[in-house]
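J.: Please see the structure below; I have some questions.
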Amino acid sequence: MKLSFCTSVKKEGIFMNEYQELIDLLNSKRFHAEFFEDTGSAKKRIMELISDADSIGIGGSQTIKESGLFDEIAATGKTIYSQTLERKKEKPDNMAVWRSAMGADVYLTSTNALTREGDLINIDGNGNRVAAMFFGPDKVIVLCGINKVSKGPHDAIARIKKTACPRNAKRLGLPTPCATEGVCRNCGLPERMCKVTVRIQYPPNGKDIHILLVNEVLGF
Ligand code: SF4
């Protein structure tokens with residue numbers, strides 16, 4: 001879905017994309033950040049970025065699913081390590097696929113939030129997705145809609161708990177308050193999704209983290 005509001009701001013007499021400052025900040029922090037007007041252009045770029053990879057780990061992500069990337073990558077014949085595929089097996093082995101994804105050539109995911117301070121904020125239940133982002137494949141690709149842009153880490157976490165967790169919990173059929181009541185009660189249930197919170201402020205040594213910000217609402 002494309003947002004209808006204006007995404008240009010005036011700076012030093014010229015109009016520029018309101019996200020340009022964020023893109024510049026991310027690049028100054030040694031991320032590889034790019035802005036795209038639509039998902040189609042971002043997908044094209046992702047296909048370029050993975051062109052010489054044999055194996056791709058894909059994190060559980062509504063954004064990746066909605067974008068159609070999963071099927072597009074599968075059609076290339078590259079090896080995909082993903083829980084989505086594992087679930088279809090008769091005897092799924094989630095731990096095995098999470099470990100394989102850590103050793104893939106590329107890891108593709110979204111992010112729960114991207115802050116105006118240039119940080120990636122993610123909350124995870126098992127920790128596999130966030131671990132793959134900072135300690136997995138050398139090349140990480142993050143596809144992010146502008147609905148994930150938050151002011152700072154506190155706003156980011158508040159947004160995740162208010163928006164992403166209830167929808168994810170409902171989708172997964174969890175008994176957590178965010179699913180049953182629609183609000184976070186900071187639960188202590190075994191099914192709690194918010195067990196690991198990670199703030200990536202700079203790419204860890206040896207990691208190329210590509211952040212593709214799209215001027216559309218993607219995921220939640
Ligand atoms: S702490 Fe519990 S209730 Fe709150 S968002 Fe996480 S899983 Fe939901």
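The values are calculated or read from the model by the stated rules, or taken from the named source; none is laboratory data. This one's a predicted model, so the numbers in the text were calculated from it and none came from an experiment. Every residue, glycine as well, gets a Cβ built from its backbone with ideal geometry; the counts of neighbours run over all protein chains shown. Side chains are part of the model used for accessible areas, which takes the heavy atoms of the whole protein and leaves out ligands, DNA and RNA. Shrake-Rupley method; radii C 1.70, N 1.55, O 1.52, S 1.80 Å.
J.: Please work out the C-alpha center-to-center distance from segment 151-180 to segment 76-140 and express it in whole Å.
T.: Distance between centres, Cα-based: 19 Å.
J.: Rounded to the nearest 500, what is the chain's calculated 222 nm mean residue ellipticity when only DSSP H runs of at least 4 contribute -39500 (n - 2.57) each, over all residues?
T.: -8500 deg cm²/dmol
J.: FRET efficiency for D71 and S41, Cβ-Cβ distance as r, R0 = 22 Å, nearest 0.05?
T.: The formula returns an efficiency of 0.75 here.
J.: What is the set of long-range amide H partners of Y81 at a cut-off below 5 Å, with H atoms built 1.01 Å from backbone N?
T.: Residues meeting the amide H criterion: I56, G57, I58.
J.: Size of the dipole of the chain about the Cα centre, Lys and Arg at +1 and Asp and Glu at -1 on the beta carbon, nothing else charged, in debye to 20?
T.: Magnitude of the dipole: close to 800 debye.
J.: Now for a different question. Per 0.36 nm of contour for each residue apart, how much would the distance between E181 and N17 grow if the chain were fully extended, relative to their Cα-Cα spacing?
T.: 55.2 nm
J.: Tell me the accessible surface of T76 in square angstrom (1.4 angstrom probe, heavy atoms of protein chains only), to the nearest ten.
T.: 70 Å²
J.: A further question on this structure: Quick one: pull the percent of accessible area on segment 17-214 belonging to carbon and sulfur, 1.4 Å probe, ligands and nucleic acids left out.
T.: 48 percent
J.: Loop only by DSSP, 16 or fewer other Cβ within 10 Å of the Cβ. Give me the trypsin sites (Lys or Arg not before Pro) in segment 75-132 that pass, ordered by residue number.
T.: Passing sites in segment 75-132 are K78, R87, K88, K89, R116.
J.: To continue, here is another question. Taking a ≥ b ≥ c as the square roots of the Cα gyration tensor eigenvalues, with a/c under 1.5 meaning rounded and otherwise prolate when a/b beats b/c, else oblate, which class fits segment 17-214?
T.: Note, shape of segment 17-214 comes out oblate.
J.: Given a 1.4 Å probe, how much area per residue of segment 14-146 is accessible, in Å²?
T.: 45 Å²
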